[in-house]
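Written out below as structure tokens is the structure these notes cover.
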Amino acid sequence: MRKHLLALVLCLALTVAAAVPAYAAEAPADPPIYIDGVLYDHPHTTVVNQVTYVSLHAMSKVLLPEAELFWEDGAARVRAEGLEMSARIDNLYLYANGRYLYVPDQVQAGYTPEGDLASALVPVRTLAKALGASVSWEDGAVQISSNGEPLIPGDQFYDQDALFLLSHIIYNESGNQPMTGKIAVGNVLLNRVKHPSFPNTLYEVIYQPGQFYPESTGAMEKTPNSGSIIAAKLCLEGAMVLPNAYWFNGVGRSCWASRNKECIAVIGGHAFYG
């Protein structure tokens, strides 16, 4: 028991340490951005953890001049022919035509010099993907071409069987957890599919004896909440919180993994092991 408690304390300490951002001595300079060869200049462009963020509204207007830009229900929204897109400050995703595109460092807020909220900022590559543009890095500048591949809508992109399985297990195991915790549970499932020590299909991973108990918990008969469905879609988009996690359990609870594997993170009420 003492060994288990010491391991849990160490895991918590590592998680807290990992959550404290390491700030550089100077903020990185915003790189120049060119759209179809023309310099793009907007005051809300910024860099977060070496990722260039741009204004959802301002860049959408350049790439889609006919687009309608507005705020509704606390979210910045873009509407054009064949496009419905939105971003909410602090969310971990950009929504576009039924797709949920992962934003690891959250949607950021852009403010006017007077301190008024002016825009939702998202990673330039993520926004370009949503708008059917392409991005490259050339000579220290971001180059955006409007001749990219159109975004496949969600009803065509997501495998419905995988979405059903993922969303139901995520809800059953972590429906009351923060979005990061939900994604991490989804990561465990998909990490197992790719690992040679586990079954190689999502169905077999979920129904492997002694693991997720979908029959006894009634997991597949429950109705997932919206957060669990979004988390499942983010995982299918490639969102990754814990690439090396293969087990999880309630914090402080003893299980085979807590006794035999390394705790790599604590998120919400779950400890994850790899």
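The values are calculated or read from the model by the stated rules, or taken from the named source; none is laboratory data. Given the structure is predicted, the values throughout are model-derived calculations rather than measurements. All Cβ positions, glycine included, derive from the backbone under ideal geometry; neighbour counts span all protein chains shown. Surface accessibility is based on the protein's heavy atoms, side chains included, excluding ligands, DNA and RNA. Shrake-Rupley method; radii C 1.70, N 1.55, O 1.52, S 1.80 Å.
Quick one: residue 245 ticks every box in (1) surrounded by 15 or more Cβ atoms within 10 Å (Cβ to Cβ); (2) out of contact with any Ser or Thr (no Cβ under 6 Å at 6 or more places or on another chain); (3) assigned to a helix (DSSP H, G or I) except a single one, so which number is it?
Residue 245 satisfies all of (1) surrounded by 15 or more Cβ atoms within 10 Å (Cβ to Cβ); (2) out of contact with any Ser or Thr (no Cβ under 6 Å at 6 or more places or on another chain); (3) assigned to a helix (DSSP H, G or I) except (3).
Of all the residues that make up the stretch 112-146, how many are in a loop (DSSP other than H, G, I, E, B) and either over 20 Å from residue 32 (Cβ atoms) or within 20 Å of the chain's Cα centre (by Cα) (or both)?
Here the count works out to 7.
As an exercise: evaluate residue 82 against (1) more than 23 Å from residue 180 (Cα to Cα); (2) touching a helix residue (DSSP H, G or I) at 6+ places or on another chain (Cβ under 7 Å); (3) not charged (D, E, K, R) and give the number of the one condition it does not meet.
In the conditions (1) more than 23 Å from residue 180 (Cα to Cα); (2) touching a helix residue (DSSP H, G or I) at 6+ places or on another chain (Cβ under 7 Å); (3) not charged (D, E, K, R), residue 82 misses (2) alone.
Pick out the one residue from 125, 88 that is out of contact with any Gly (no Cβ under 9 Å at 6 or more places or on another chain) and surrounded by 16 or more Cβ atoms within 10 Å (Cβ to Cβ).
From the options 125, 88, the qualifying one is 125.
Based on what the data block shows, is residue 136 in contact with a strand residue (DSSP E or B) (Cβ under 7 Å, 6 or more places away or on another chain) and open to solvent by 30 Å² or more (accessible area, probe 1.4 Å)?
It is true that residue 136 is in contact with a strand residue (DSSP E or B) (Cβ under 7 Å, 6 or more places away or on another chain) and open to solvent by 30 Å² or more (accessible area, probe 1.4 Å).
How about the stretch 91-122: which of its residues are among the aliphatic types (A, V, I, L, M) and crowded, with 17+ Cβ neighbours inside 10 Å?
92, 94, 96, 101, 103, 107, 118, 120, 121, 122
Just one of (1) of a type in the set (A, V, I, L, M, F, W, C); (2) open to solvent by less than 50 Å² (accessible area, probe 1.4 Å); (3) outside any helix (DSSP H, G or I) trips up residue 193, so point out which.
Exception for residue 193: condition (3).
Mind listing just one residue for me: the one in the stretch 104-126 that is in contact with a helix residue (DSSP H, G or I) (Cβ under 6 Å, 6 or more places away or on another chain) and modelled with pLDDT of 95 or more and, of those, nearest to residue 149 (Cα to Cα)?
Narrowing the stretch 104-126 to residues in contact with a helix residue (DSSP H, G or I) (Cβ under 6 Å, 6 or more places away or on another chain): 119-120, 122.
Now narrow it down to the ones that are modelled with pLDDT of 95 or more: 120, 122.
On the way: 120: 24, 122: 19 Å.
Of everything passing the filter in the stretch 104-126, 122 is nearest to residue 149 (Cα to Cα).
Restrict the check to the stretch 170-178 and report whether at least one residue is surrounded by fewer than 15 Cβ atoms within 10 Å (Cβ to Cβ), in contact (Cβ under 8 Å) with a residue 60 or more places away in the chain, in contact with a helix residue (DSSP H, G or I) (Cβ under 8 Å, 6 or more places away or on another chain) and in a loop (DSSP other than H, G, I, E, B).
no
Go through the stretch 65-85 and report how many residues are within 20 Å of residue 145 (Cβ to Cβ) and open to solvent by 40 Å² or more (accessible area, probe 1.4 Å).
Here the count works out to 3.
What single numbered condition from (1) more than 24 Å from residue 126 (Cβ to Cβ); (2) among the hydrophobic types (A, V, I, L, M, F, W, C); (3) in contact (Cβ under 8 Å) with a residue 40 or more places away in the chain; (4) open to solvent by less than 50 Å² (accessible area, probe 1.4 Å) fails to hold for residue 183?
(1)
Consider only pairs whose beta carbons are under 8 Å apart and that are at least six residues apart or on different chains; among these, list those whose first residue lies in the stretch 258-269 and is among the aliphatic types (A, V, I, L, M) and whose second residue is in a strand (DSSP E or B) and open to solvent by less than 20 Å² (accessible area, probe 1.4 Å).
What qualifies is 264/272; 264/273; 265/271; 265/272; 266/272.
Which condition number does residue 62 fail, the rest of (1) within 26 Å of residue 228 (Cα to Cα); (2) assigned to a helix (DSSP H, G or I); (3) open to solvent by 20 Å² or more (accessible area, probe 1.4 Å) being met?
(1)
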